[in-house]
Structures are given as C-alpha cells and as structure tokens.
Amino acid sequence: MMGIDYRSLTKKKPERSLTKGFLRKVGRSRGQITVRHKGGGHKRKYRLIDFKCDKFDIPAKVAAIEYDPNRTCFIALLNYIDGEKRYVLASEGLKVGDQVLSGEKTPQKIGNRLQLKYLPSGMQVHNVELQPGQGGKIVRAAGSSAMVMANESGYTHLKFPSGEVRKVRNICRASIGQLSNIEQGIVVIGKAGRNRWLGIRPTVRGSAMNPCDHPHGGGEGRTGIGLRRGPKTPWGKQALGVKTRRKKKWSNKFIVKRRK
C-alpha cells in the first residue's frame, strides 16, 4: 500500500463558511442502481469551490493549501483584500503567502487567471472554460494541464492530457500552471478495505458469472469469451475500442485532432 505525503499541507480544519453537508447518490437513482460498484464510503463535507474566479483585479493571498476528499487535487483558501474568502483549485508550486490575481492582463505567473488570448504558445493551463463566464469545466484532475498551441481567428488551440487538440474561444478564461498533487496517479491502494473507504464496492468478473448474468459467463472451468469479437459489457455491447461520442454532436466542429 502506498499513499501521498500530506505534510506539505496546512494543518487546519476546513473553512466552515465554505463547507456544507451533502447526500451522495452512490450510483443510485430513486433507489435503483444505475452505476455499479458504488456505495458506502467515508462521510464527507463538500467544499464550495470557486471555478469562475470572477473577482477581477482584486488581489488575494493564499491562506492555506488543504486536502479535499471530493477531488484528487488539493485546494487553496484565498483571502481577498476586501475580506471575502474562497476556495480554488491549487496549482502545483503554489505556497501559503503567495498572491494570486484574476483579471484582464494579470502577470503570467502560477495561480493567476486570465483570458486565453493573452497566453503565449507552450503555456500550461488548467480549469479551462468552454463558454465565456461559465466557469472552469475541463482539466481539473490532479497533475493535469492543457497546453496552449496557437491563437488564431478568435480561437485558442489547446492540447489536452488525452492528446485531443480543441479550439476554445480566446475570451474564455483559464488558470496558469499544472494542478497540484502530481503523485496521485502512482498511489497503490494496497487492500480492499481502502477502496471501501473511497466508496468503491467489489467488482465480480464476468467469466465468474452465469450465462444469464453476463455474456462471458458459463462453461466448464475457466473459459474464454468464445467466438465474440472482443469483450462485452453485461448488456452485450462492445467494451473495448468503441467510440462513444455522438457522431453529430454540435461541438465536433471545434475538435482539430481527436484523442487517441
């Protein structure tokens, strides 16, 4: 079992005014299981994250870098000079005492947020908007970042961690830098109980089921999937190498290069 070194985080309780209790759906809709292998898990409080960062040209000081049980990256508590406090996603390298700013032409340093048209090629960004003023929707996982490829004709070309290159309107905003907790991807869970703390229930192999429960089930002893082209879901659909994106989705025109 392997974990993450949390000694660099600020040892304090979360800001009470920015937390709330919430009821997790744990894969159920009106009591019916809609997503398998979810349930249980440790009780959590939700941290209210400011994905918009719409306090423009008002400096804020990083008061704490904290753990958030609801996401993989760390979060930063900002104290604005007007007295307001907000949580934002913490960039890698952001430290307590640093100053961050969101606005039109803010300095291009880690943690600041500005429009994509002001960023040079090669810059790493995260928490990217897809529509102006909507708030960050993509590139929000630990250690992830998108790269600015080019600015042309009112659009910015961004290369995402998946390899996809997509056009985003250059008046959309993004935060500079890579997201924190880079080591999250190499964590070894180590035991079944730790997955239960996270709300992940056991997964049964399809080949261990009966034919009535899974296409891979049945047979004498350990058997393969038969004459099928590839692995199937419990409902008989292809499980590997199948494109799931709708062919006529309205945003297809913004994709310059599809993900691998």
Quote the Stokes-Einstein diffusion coefficient, in whole µm² s⁻¹, for the chain, based on the Kirkwood radius over alpha carbon pairs, a temperature of 37 °C and a viscosity of 0.692 mPa s. 154 µm²/s
Which residues does a label at V242 reach in region 180-210, if reach means a backbone N under 20 Å from a point 7 Å past the Cα toward the Cβ? 204-210
Links exceeding 18 Å between C-alpha atoms in this model, out of K20/K85; K159/K253; K137/K167; K61/K137; K159/K248, come to K61/K137; K159/K248
Normalised convex hull volume, region 158-260, alpha-carbon set, Å³ per residue: 199 Å³
What list do you get for F56, F74 if you sort them by fewest beta carbons within 10 Å? F56, F74
Name the residue from N112, P161, S17 whose Cα lies farthest towards the positive end of the charge dipole of region 16-183, charges +1 on Cβ of Lys and Arg and -1 on Cβ of Asp and Glu. S17
Add +1 for every Lys or Arg and -1 for every Asp or Glu among the other residues with Cβ under 10 Å from the Cβ of R201, and state the total. +3
Least to most buried among E92, E164, E220 (fewest other Cβ within 10 Å first): E220, E164, E92
How much length is gained if the chain between K137 and S207 is pulled fully straight, taking 0.36 nm per residue apart and subtracting their Cα-Cα distance, in nm to one decimal? 21.4 nm
At 7 Å along Cα-to-Cβ for each site, give me the label-to-label distance between R228 and K253 in nm. 3.9 nm
14 Å reach of a label modelled at S8, 7 Å along Cα-to-Cβ, counting backbone N of region 139-154: 142-144
For I186, I75, I171, ascending order of other Cβ atoms within 10 Å (fewest first) is I186, I171, I75
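The numbers here are math on the coordinates, done by the rules we state, and not lab data. All of these numbers come straight from a predicted model, not from anything done at the bench. Note that we place each Cβ from the backbone using ideal geometry, even for glycine, and neighbour counts take in every protein chain shown.
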